[in-house]
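So the structure is just underneath, and the comments pick up after that.
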Amino acid sequence: MRFVSTRGTAPPVSLSEALSQGLAPDGGLYLPECWPAPELDGRPLGLVEAGVRVLRGFFAGDRLEGQLPSICREALDLPAPVVPTRDPGLFLLELFHGPTAAFKDFAARFLAACLARLRQPGDPLLTILVATSGDTGGAVAAAFHRRPGFRVVVLYPDGKVSPRQAHQLGAFGDNVHTFRVAGSFDDCQAMVKAALGDPALRARMALSSANSISLGRLLPQMSYYAAAALRWQAVHGRPAHFVVPTGNLGNALAALLARRLGLPIGEVVLATNANRVLPDLLRTGRYQPRPSIPTLANAMDVGAPSNLERLRALHPELADLRAQVHADSADDATIRRVLRESEARYGTAVCPHTAAAIAVAERLRAAGRGGPWIVAATAHPAKFDTVVEPCLGHPVEVPPALAALLARPSRAQPLAASPACLKAVLATDLSD
Ligand SMILES: *Cc1c(COP(=O)(O)O)cnc(C)c1O
């Protein structure tokens, strides 16, 4: 299996090359050149086995092919249950049972398991740069923490992540270096891009990134949709319909790709917050990226979704795109309403991102599209306690993995929002 760039002018590469490179040399994103149907017999599968079956075709012929089962056992061995709520029309696919209590743990652990197996004796220390709006940085840090041969440099926008996210980002230590940047997430991303594109810096150190365009993050996310849909089909005798909280479109795209492989998935609906670029694109046919607006669902504050290039490469015609996905948004007032009502209505507290998706599912049902809908619950509500608890009126119990991180001391160095400052830090302070 080879992987081709969305822009079509870079040469096709192997899976290992695509994983190591991140972005294609022509600036495009890698997509598989064909869609290998997994071997399925309609029986439900656990997450690890679903991962192996769904990903086998993509690993065919690659250096990592023989290691796929061990990669899946190491990275995907986390619960991802579909749980009923008090409302028979709404189910939650709980993706927050990993070490940092957000769905990004699945993908970050998978990428780390792949990159660790690609290392050769004598390879230099690899620095993974990651700009985060809150959840990615923690997941990547946890996945590479204390892994020999790697170190992680996390940049987050100071004051723009939840207090518990901030604590978590600085709680690793060892080979994880955390910087709080006096700027926005877009600034952090621009700093990472500038460092990755600096030949002088790259001559001095091996650099890579772990942002949401990485194929190594996109592919494994198909596994939990596959496992959930197979079980749903076995129990209910029909395909599963998903609503996915969406920012950079990595998670929702994985659901669409799983459907393309033949998994029993019906509708896939994108739910954004007030950053409405995707619903507007589907409605008007025009793509208008814009600066992101801060919202209560901060991990989805994205004004130019990075995986959109993949979705458009797969469906260049607007009519086709509209046939594949539906998108809607929820503003902060709506998110707050869902947070306030969720315990009474659904019997559970949810995070603000999940709340946006529940609001979209409620609107679909009010319009007669009954589902039942499975909402991807992308983070544990305790991670966003300062937003969730005032709406609920009581504290949310902290899951043990998150509690362990919050009990550790946390340290983040301040950094100006300038690419030159990041380069200086990498070249001097961290160059031991
Ligand atoms: C990252 C994140 C999202 C958005 O996921 P994308 O793959 O960027 O669309 C949604 N919810 C939470 C909790 C997240 O951390």
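When the Cα positions of P294, A361, L126 are compared along the charge dipole of the chain, A361 comes out farthest toward the positive end, with charges on each C-beta of Lys, Arg, Asp and Glu. Taking only the alpha-carbon positions of the range 91-207 and ignoring solvent, what does the Debye formula give for the base-10 log of I(q)/I(0) at q = 0.14, 0.17 Å⁻¹? Here the Debye-derived log intensity ratios amount to -0.59, -0.85. Annotation for R86 and R340: the two label points, set 7 Å from Cα along the Cα-Cβ direction, are 1.6 nm apart. Per-residue Cβ neighbour counts within 10 Å put L169, L257 in the sequence L257, L169, beginning with the fewest.
Taking the centroid of alpha carbons for each part, the range 357-432 and the range 299-350 are 16 Å apart. Here r is the Cβ-Cβ distance between A323 and R117 and R0 is 45 Å; the resulting FRET efficiency, rounded to 0.05, is 0.70. Diffusion coefficient (Stokes-Einstein, Kirkwood radius over C-alpha pairs, 10 °C, 1.306 mPa s) for the range 312-432: 88 µm²/s, rounded to a whole number.
Rounded to the nearest 500, what is the chain's calculated 222 nm mean residue ellipticity when only DSSP H runs of at least 4 contribute -39500 (n - 2.57) each, over all residues?
Values: 19 runs with 183 residues, N = 432.
For the chain, the value works out to -12500 deg cm²/dmol.
Sequentially through the range 313-320, phi angles give Karplus couplings (6.51, -1.76, 1.60; θ = phi - 60°) of 5, 6, 9, x, 8, 4, 4, 5 Hz, Gly and Pro residues having no value and appearing as x.
Inverting the pair-averaged 1/r between distinct Cα atoms of the chain gives 21.7 Å as its Kirkwood hydrodynamic radius.
Dipole magnitude of the chain about its Cα centre, charges +1 at Lys/Arg Cβ and -1 at Asp/Glu Cβ only, in debye to the nearest 20? Walk me through the numbers on the way to the answer.
Numbers: 44 positive and 37 negative charges, 41 e Å.
Taking the Cα centre of the chain as origin, the dipole is about 200 debye.
The HN-Hα couplings worked out from phi for the range 184-198 by the Karplus form 6.51 cos²θ - 1.76 cosθ + 1.60 (θ = phi - 60°) are 9, 4, 4, 4, 4, 5, 5, 5, 5, 4, 5, 5, 5, x, 9 Hz, whole numbers, x standing for Gly and Pro. Summarising the strand pairing of the chain, around 20 percent of its internal DSSP beta bridges are antiparallel.
When the dipole is taken about the Cα centre of the range 129-221, and only Lys, Arg (+1) and Asp, Glu (-1) are charged at their Cβ, what size is it in debye, to the nearest 20?
Numbers: 10 positive and 6 negative charges, 52 e Å.
So the magnitude is around 240 debye.
If each residue's Cβ is checked for other Cβ atoms within 10 Å, how do I71, I213 rank with the fewest at the top?
The fewest-first ordering by Cβ neighbours comes to I213, I71.
For the range 295-337, what does the alpha-carbon gyration tensor say about shape, rounded, prolate or oblate, given a ≥ b ≥ c as the root eigenvalues, a/c under 1.5 as rounded, and a/b over b/c as prolate? Oblate.
In the calculated pair-distance distribution of the range 231-383, the portion above 23 angstrom amounts to 34 percent of the Cα-Cα pairs.
Could you pull out the trypsin sites (Lys or Arg not before Pro) across the range 1-94 that fall in loop regions by DSSP (anything but H, G, I, E, B) with no more than 12 other Cβ atoms inside 10 Å?
On the way: sites: R2, R7, R53, R56, R63, R73, R86; in loops: R2, R7, R63, R86.
Hits after loop and neighbour filter: R86.
In a DSSP loop and with at most 12 other Cβ atoms within 10 Å, the GluC sites (Glu not before Pro) in the range 330-428 are E397.
Considering only H241, P390, V82, the residue lying farthest towards the positive end of the dipole of the chain is H241, judged by Cα position with unit charges set on Cβ.
For a test of the definition: using alpha carbon positions, the gyration tensor, and the 1.5 limit on a/c, classify the range 63-156 as rounded, prolate or oblate. Because a/c hits 1.5 or more and a/b fails to exceed b/c, the range 63-156 counts as oblate. Convex hull volume of the C-alpha atoms in the range 6-130, normalised per residue: 167 Å³.
Residues M205, M222, ranked from the fewest to the most other C-beta atoms within 10 Å, line up as M205, M222. Annotation: amide H-H contacts under 5 Å for T178 (H modelled 1.01 Å from N, sequence separation of 5 or more, or interchain): V154, Q413.
Bear in mind these aren't lab numbers, they're just calculated from the coordinates by the rules spelled out. In this text the structure is predicted, and so the values were computed from the model without any measurement. We place every Cβ from the backbone using ideal geometry, glycine too, and count neighbours over all the protein chains shown.
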